[in-house]
Amino acid sequence: MTEYTTLDFFGYSNDQKEVLSLLRQSRILKDKKICLMAAPSFVVDFDFHTFVPLMKALGFDKVTELTFGARTTNREYEKYIKKNIGKQEKFISTVCPASVEFVKKSFPELKKFLLPIDSPMGAMAKICKKNFPKHKIVFLAPCNAKKIEASKLLNKKGEKLIDAVVTFTEMKQIVAKEKPLIKIQNGHNSSGFDCFHNDYTKIYPLAGGLCGTLHHKDLLKENEIAICDGAAEFKQFFEKNKEKVFFDVLFCKGGCIGGAGVSSKLPIFLRKKKVMDYSNFAKKENMNGKQGLDKYTKGISFSKEI
């Protein structure tokens, strides 16, 4: 185990220490490369123009975001709903682990309606393991609930798919203390992600972002969909929407941009603007034909037990 004497001096959490330990190992051992997966709400706390150079300056070899994972989750949802519509009364989204646990504990009768599909984080972890098999994986999260979810994500051998998780706040602390030197080679023309897809799922972290990107036109009517964000709304949400078929639920107010691991003190509407600005920027970004290719997910199962 790596000695943490210097790290303890700075008051790092165990999760921060784990990430820094992985980064330091990667600098010493060339075959110990690390892939960072960032939740798309990262733009609330980081400048998307300089984010990738900043993370690579810390020592991450690959930097991706969950947009392709979100797209994959959506496609799995679409297939599942199409197969089970008419057979199943309701469908409850499972992209938010806090919402899933809330439903299981407070509404056990609804557990059977939780979609048995990987969240964007789980899907992206599997995609990264397939495409970067020798890399360790670190996830940058807007909330601590993702740490619990990540601890349960295992491969067929029972090994963790995600090696460490830190929140936006914890990463900002690491950056402030480690002071990485940024090298920007391409100016501000590209976000620079080592990603697979950059399209419409940039808005996924917003309340209703799932429904806004789900191709549900031929599956669900607009009046069959219910959207909820914020724990305070949950208690009455399902009771008030008994007739609905699809439930897009996020535990934090505003969606993932309101997560407890977010450092920003901006009001929700300004955080939302940051996401929308990033989404509009991404539409103009050149992905060199790499976006959305099915070869990246070939052979992967994205089902999970609830």
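The values are calculated or read from the model by the stated rules, or taken from the named source; none is laboratory data. If you're wondering where the values come from, they're calculated on a predicted model, not measured in any experiment. Cβ atoms come from the backbone with ideal geometry, glycine included; neighbour counts cover every protein chain shown.
Worth a mention:
- Every pair of residues 6+ apart whose Cβ atoms lie under 6 Å, when the first sits in region 255-284 and is on the phi < 0 side of the Ramachandran plot and part of a loop (DSSP other than H, G, I, E, B) while the second is among the small types (Gly, Ala, Ser) and buried (at least 24 other Cβ atoms within 10 Å of the Cβ): Gly261/Ala141
- Asp248 vs. criteria modelled with pLDDT of 90 or more, among the acidic types (Asp, Glu), more than 25 Å from Glu109 (Cα to Cα) and in contact with a helix residue (DSSP H, G or I) (Cβ under 7 Å, 6 or more places away or on another chain): no
- Residue list for region 1-42, restricted to those being modelled with pLDDT under 90, over 17 Å from Ile174 (Cα atoms) and crowded, with 16+ Cβ neighbours inside 10 Å: Lys32
- Candidate set: region 75-103, residues that are assigned to a strand (DSSP E or B) and hydrophobic (A, V, I, L, M, F, W, C); chosen: the one nearest to Leu206 (Cα to Cα): Ile92
- Among the residues of region 15-43, those identified as among the basic types (Lys, Arg) and either farther than 22 Å from Lys126 by Cβ or free of Cβ contacts under 8 Å to residues at least 24 places away in the same chain (or both) are Lys17, Arg24, Arg27, Lys30.
- Of the listed requirements (1) crowded, with 24+ Cβ neighbours inside 10 Å; (2) over 30 Å from Lys242 (Cβ atoms), Thr73 misses just one: (2).
- Meets criteria (under 30 Å from Phe247 (Cα atoms), surrounded by fewer than 16 Cβ atoms within 10 Å (Cβ to Cβ) and in contact (Cβ under 8 Å) with a residue 60 or more places away in the chain) for Lys79: no
- Residue that is farthest from Pro116 (Cα to Cα), among those in region 128-157 that are among the polar types (S, T, N, Q) and outside any helix (DSSP H, G or I): Asn144
- With respect to the conditions (1) among the hydrophobic types (A, V, I, L, M, F, W, C); (2) farther than 17 Å from Met37 by Cα; (3) surrounded by fewer than 23 Cβ atoms within 10 Å (Cβ to Cβ), Leu115 falls short on a single one, namely (3).
- Total residues in region 23-58, condition in a helix (DSSP H, G or I), of a type in the set (A, V, I, L, M) and over 19 Å from Asn131 (Cβ atoms): 7
- All positions within region 126-153 that are out of contact with any helix residue (DSSP H, G or I) (no Cβ under 8 Å at 6 or more places or on another chain) and in contact (Cβ under 8 Å) with a residue 60 or more places away in the chain: Lys126, Cys128, Phe132, Lys134, Asn144
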